1. Output the number of residues of region 23-82 satisfying the condition of being surrounded by fewer than 15 Cβ atoms within 10 Å (Cβ to Cβ), among the hydrophobic types (A, V, I, L, M, F, W, C) and closer than 19 Å to ALA145 by Cα.
2. Just name the residue that is surrounded by the most Cβ atoms within 10 Å (Cβ to Cβ) out of those in region 150-173 that are small (Gly, Ala, Ser) and touching a Leu at 6+ places or on another chain (Cβ under 9 Å).
3. Contact list please: Cβ distance under 9 Å, first residue in region 117-144 and open to solvent by less than 30 Å² (accessible area, probe 1.4 Å), second residue among the polar types (S, T, N, Q) and in a strand (DSSP E or B), pairs at least six apart or on different chains.
4. Keeping to region 106-119, report how many residues are part of a loop (DSSP other than H, G, I, E, B) and either in contact with a Pro (Cβ under 7 Å, 6 or more places away or on another chain) or under 21 Å from ASP168 (Cβ atoms) (or both).
5. Scanning region 107-116 for residues that are surrounded by fewer than 12 Cβ atoms within 10 Å (Cβ to Cβ) and aliphatic (A, V, I, L, M), which turns out farthest from GLU154 (Cα to Cα)?
6. Among the residues of region 82-105, is there at least one that is touching a strand residue (DSSP E or B) at 6+ places or on another chain (Cβ under 6 Å), assigned to a strand (DSSP E or B) and charged (D, E, K, R)?
Amino acid sequence: MTLPGFDSLLVEQPWSASRHLWSTRYECGVYSEQGALLATVTERGRLGPLRKVLRTTGFSGRTVFDLVVRQQETTLLAIRKGAGRPPVEVVRPDGVVLGAVRHVRRGVYALLDPAGHQLCLLHEVVAFTPGAIAKRDGRRVRRDAVRLRPGVPEPVRSLALAACVAYDVVRGIGTNHTSGGFDFPAA
């Protein structure tokens, strides 16, 4: 089970002008509601020059992503998306595919089993609030709030968490925040 014992999480990405304009790598931290770092999400490997250029444009969401979710040095999940708009694949550390997340329409995401059959919709198992601007350690971050329904079974739990920690990849904007959605400050 991914991050057992935690049904309420905060997913935070660095948020600055330079990150908006020049960042080409996906990264975020996953925190408990009390502020303890639970996991990190980063890209594996290096980006080639073409992908770096595309990541600074509106085509960022259509580039290849290969993310890894780690708790300290332990890999929990791999999250992969091919070029274009295929579903985002979620893989266990041993290479077994748990399933995928497919963007159905604006704000609606399907969680799929390894054969591509729909298990449920993301909003049926998680309350997800994207885009509150907050501060962590003196720096601005975009804070997404994640509340999993208690008792959600595997692999739905891992698929839902993967969709939330890779939300910008799943919704198709990738690392380019200047041409797509708008994030609202916290009240």
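The values are calculated or read from the model by the stated rules, or taken from the named source; none is laboratory data. The model shown is predicted, which means the values in this text are computed figures rather than measured ones. Glycine also receives a Cβ, built like all others from the backbone with ideal geometry; neighbour counts cover every protein chain displayed. What goes into the accessible areas is simple: the full protein's heavy atoms, side chains included, and nothing from ligands, DNA or RNA. Shrake-Rupley method; radii C 1.70, N 1.55, O 1.52, S 1.80 Å.
1. 2
2. ALA162
3. What qualifies is VAL141/GLN13; ARG142/GLN13; ASP144/GLN13; ASP144/THR129.
4. 2
5. Ranking the candidates gives VAL108 first.
6. Yes, there is a match, as at least one residue in region 82-105 is touching a strand residue (DSSP E or B) at 6+ places or on another chain (Cβ under 6 Å), assigned to a strand (DSSP E or B) and charged (D, E, K, R).
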